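Data block below; observations after.
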Amino acid sequence: MGQTKIILSEREMPTQWYNIVADLPFPPPPVLHPMTKQPVGPDDLAPLFPMALIQQEVSTERYIDIPEEVQEIYKLWRPTPLIRARRLEKMLDTPAHIYYKYEGVSPPGSHKPNTAVAQAYYNKVEGTKRLTTETGAGQWGSALAMACRFFDIECKVYMVKVSYHQKPYRRVLMETWGATVIPSPSEETQAGRRILEQDPESPGSLGIAISEAVEEAATHEDVKYSLGSVLNHVLMHQTIIGLEALKQMEAAGEYPDVVIGCVGGGSNFAGLAFPFVREKLVNDRQTRIIAVEPTACPSLTRGIYAYDFGDTAQMTPLVKMHTLGHDFVPAGIHAGGLRYHGMAPLVSLLFEHGLIEARAYGQVKCFEAAVQFAQAEGIIPAPETAHAVRAAVDEAIAAREAGEARVILFNFSGHGFFDLSAYDAYLRGELVDYEYPMEKIREALERLPKVG
Ligand SMILES: *Cc1c(COP(=O)(O)O)cnc(C)c1O
């Protein structure tokens, strides 16, 4: 029997990130200014981001060096293990081999510090005193809180109000790492006050919280903004996942037929998948690459490919992406990290060109697979990760039915130890699926910005 756990040494950790733009046969559409609708230049973004990150955002270099200070911190938990889910294979009675890349070993428990640490580092170098950001369930906020603490920067997190009240544990994580956490919409910003005037009981949304965090950064000299997904540089920082996985699959003596990740804004999926997309583009590998989203927020499978704002208050630049409309507020499913109206422009672009596939699942089926996984492998998946687990299980069942020795690789984006109330609801039979809200999405799409 071969290895179960494939571990790289610290010396084998990649020292560069991979930028897929260098290998794309088609150029990414430009980012547009929200007022003029002309392509933005570096100066337009300078109030929000440090120049090093703006340069990465538009870079066409294939590989970008990971600064040594960032590598040092990565080594607290990286390289992460690649694990063969042998007990799950047995439980499913499948000839498929199932591998998962376990990102839950980071201190906040997800893939998000891979970019949080890099972003905090570049901000520190350029003199930023405080970073603002938004968070839904709290995974991104906690990753950035830890990263800011490591580089001695203040961190202020606008947390979607409904999560602030329902999920106190990640708030406590953020506060333990020294961050200030504000329930959004708040009275601290114009954007927040405007929403509260219309609806004092607003539960908030990621789009609203982004508006608040962006406004604070745009109106203060030494404050910058940090985004945990969607943008090119964020996806690039996450590629360390896939670069490690390529080496680990090679050490296992296999190559995946199927690569799977759940998608909210698209960063953990891209992090694992992009190095495998490169193998497809450059070395003609025939891998199927699948992005998995919730039926309650189906930006790839039901949204349209168009220019839209990243936030609700229409303050961010316009990016071309799969979107449900910037003011679409998805139902309160437990996978809070997947409740974003848009999809990363690079993931959207690959989908448009048929390089990746997408599918959507309701949350009940996802929890069913997550419980199966927990009972076979021990680890409890985050509700977001449960979507990837569902797809991996379905692929393994399909392989059994076809009598096919399929190799499946999925990104285990985070553990669910802070999401046990969701498991409680599932185990009590109280979890419901949300129908795809056709009507609401159509309304939101009518308010897309008019471009050219
Ligand atoms: C935030 C999060 C996601 C979704 O975000 P992406 O940018 O799409 O990766 C998925 N899984 C976990 C565990 C998360 O914390």
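Counting only residues that are within 16 Å of the ligand (Cβ to nearest atom) and within 26 Å of Ser348 (Cα to Cα), the range 363-408 holds 14 of them. The single condition from (1) among the aliphatic types (A, V, I, L, M); (2) closer than 23 Å to Thr128 by Cα; (3) buried (at least 21 other Cβ atoms within 10 Å of the Cβ) that Ala218 fails is (3). Every condition in (1) under 23 Å from Gln38 (Cα atoms); (2) of a type outside the set (Val, Ile, Thr); (3) at pLDDT 95 or above; (4) within 16 Å of the ligand (Cβ to nearest atom) is met by Ala306 except one, and the failing one is (4).
Counting the residues of the range 327-374 that are modelled with pLDDT of 90 or more, more than 17 Å from the chain's Cα centre (by Cα) and assigned to a loop (DSSP other than H, G, I, E, B) gives 4.
Selection within the range 409-446: residues that are of a type in the set (A, V, I, L, M, F, W, C) and under 30 Å from Thr287 (Cβ atoms). The member of this set that is farthest from the ligand (Cβ to nearest atom) is Leu409.
Output the number of residues of the range 140-170 satisfying the condition of being modelled with pLDDT under 95 and within 22 Å of the chain's Cα centre (by Cα). First the steps, then the outcome.
Filtering the range 140-170 for residues modelled with pLDDT under 95 gives 160-170.
Imposing the further condition that a residue be within 22 Å of the chain's Cα centre (by Cα) reduces the set to 160-164, 166-170.
Adding up the residues that qualify gives 10.
Close Cβ contacts (under 6 Å, 6 or more residues apart or on different chains) running from residues in the range 243-272 that are of a type in the set (Ser, Thr, Tyr) to residues that are in a loop (DSSP other than H, G, I, E, B) and near the ligand (Cβ under 10 Å from one of its atoms) comprise Ser267/Ser229.
Looking across the range 121-175, the residues that are assigned to a helix (DSSP H, G or I), more than 27 Å from Ala425 (Cα to Cα) and within 16 Å of the ligand (Cβ to nearest atom) come down to Leu144, Ala145, Met146, Ala147. Summed over the range 334-362, residues that are within 12 Å of the ligand (Cβ to nearest atom) and charged (D, E, K, R) total 1.
The values are calculated or read from the model by the stated rules, or taken from the named source; none is laboratory data. Given the structure is predicted, the values throughout are model-derived calculations rather than measurements. A quick note on method: Cβ atoms are made from the backbone with ideal geometry, for glycine too, and the neighbour counts reach across all protein chains shown.
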